[in-house]
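Trainee: My structure is below; once you've seen it, I'll send some questions.
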Amino acid sequence: MSKDYYKILGVDKKASGDDVKKAFRKLAQKYHPDKSGGDESKFKEVNEAYQILSDEKRRAEYDTYGRTFEQGGGPGFSAGGGPASGWDFSNFANMGFAGGGEDVEFDIGDIFGDFFSGGRAKRARGRDISIDLELSFAESVFGTERKILLSKNITCTTCSGTGAKKDTEMVKCSSCGGKGQIRDVHKSIFGSISTSRECAQCHGRGEIPKEPCIDCRGGGIKHASEEIRVRTPSGISDGEMIRMTGKGEAVRGGPAGDLYIKVHVQKHSLFRREGANLIMELPIKLSDALLGTEYNIETLDGQAKINIPEYINHGEIIRLKGKGVPLGDSRRGDLLVQVKVTLPNRLSRKAKNIIQELRDEEGF
């Protein structure tokens, strides 16, 4: 039985590409094997589901047949490897497949193209890395740049990843004869099918150094520390993920993995965010609420004066335009100041008499 990739990612079959990506990022962060409590098997399962559902063509194949052609079981094949019922094989003779049990050798990747990806050698890819980054509230609002030191597999700087000692010559790989590929032949219902894979000795280059690099011992990759500059955009929220393509672990013969950075924003003692706006509470005296006045308040841009109109009610909001979160196009959200009218803990006899007189007046 094929896997239910929609169920694995926790999305509906009508989910958009963005929904699929968001679900993958959340689960990849949860199960990444480099994290404490991660689960490598679930991470691989989530990654497999994402690779299928994020690719429009493979997703269409999966929706139609319950699996993609590269997984097997596509048009012309049953789960057991034999002819599938309901498919017409009469046309295969016209495609160059002779009858009578004759062996036919061909490159499955070239003949079937979109139907199979397994015929061609797949390039290796470096592992992804996930880290956590803590930002202050102000850094999350305005954006910042951080330098991060990562200990990981990197391309050897001495040989630039070739694995060769400086000024040494390159010689033909003996394993693949300089082709960079190893061909394997498999028996099938069509005859002998020839597939290719990358040569493990030369990593697809077809040549190897006569003398290996001393630093990486010919591997082209070494474990070292690398400083990476991370630029966080303005307005980033707590829990958001930043992806830096190619900043993960390096691997010889293929692209490096990606670096995933999960942002954690510290809480602020005065402000909280609501979209592009910042919200703060301002305690004022009852007399100031009745008569009006001016207050000096703290903003993320420094000190500012705010006018308190007379007869303002408890809970009313005063808006300071352009003092909120930058929107990336020279515009900014606003600072919303919510008034909190405070009452005195005690009143003098004189004050009580004055209030008593005022209470007797109409409208007070």
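Trainee: Could you go through the range 252-272 and let me know if any residue there is free of Cβ contacts under 8 Å to residues at least 60 places away in the same chain and not in a loop (DSSP other than H, G, I, E, B).
Mentor: Checked against the condition, which is being free of Cβ contacts under 8 Å to residues at least 60 places away in the same chain and not in a loop (DSSP other than H, G, I, E, B), the range 252-272 yields at least one hit.
Trainee: Same structure again: Could you please find all residues in the range 39-55 being of a type in the set (Asp, Glu) and either out of contact with any helix residue (DSSP H, G or I) (no Cβ under 8 Å at 6 or more places or on another chain) or without any contact (Cβ under 8 Å) to a residue 24 or more places away in the chain (or both)?
Mentor: ASP39, GLU40, ASP55
Trainee: Against the conditions (1) touching a Lys or Arg at 6+ places or on another chain (Cβ under 9 Å); (2) within 30 Å of ARG197 (Cα to Cα); (3) among the charged types (D, E, K, R), where does ARG231 fall short? Just the number, please.
Mentor: Looking at each condition in turn, ARG231 falls short on (2).
Trainee: Separate question: Does the range 64-72 contain at least one residue that is farther than 21 Å from LYS22 by Cβ, loosely packed, with under 15 Cβ neighbours inside 10 Å and modelled with pLDDT of 80 or more?
Mentor: no
Trainee: Give the residue that is surrounded by the fewest Cβ atoms within 10 Å (Cβ to Cβ), with candidates limited to residues of the range 303-332 that are over 21 Å from ARG273 (Cβ atoms) and aliphatic (A, V, I, L, M).
Mentor: In this case the residue turns out to be ILE312.
Trainee: Looking at the structure I just gave you, is GLY220 at positive phi and in contact with a strand residue (DSSP E or B) (Cβ under 8 Å, 6 or more places away or on another chain)?
Mentor: So GLY220 fits the description; yes.
Trainee: Go through (1) modelled with pLDDT of 95 or more; (2) over 17 Å from LYS152 (Cβ atoms); (3) not small (Gly, Ala, Ser) for TYR260 and report which single condition fails.
Mentor: Going through the list (1) modelled with pLDDT of 95 or more; (2) over 17 Å from LYS152 (Cβ atoms); (3) not small (Gly, Ala, Ser), TYR260 breaks only (2).
Trainee: Which strands (runs of 3 or more DSSP E) sit wholly inside the range 166-227 and have at least 1 residues that are surrounded by 19 or more Cβ atoms within 10 Å (Cβ to Cβ)? Break it down into steps so the answer makes sense when it comes.
Mentor: Numbers: elements: 170-172, 181-188, 191-198, 207-209.
Output list reads 191-198, 207-209.
The values are calculated or read from the model by the stated rules, or taken from the named source; none is laboratory data. Model, not experiment: these values are computed from the prediction. Every residue, glycine as well, gets a Cβ built from its backbone with ideal geometry; the counts of neighbours run over all protein chains shown.
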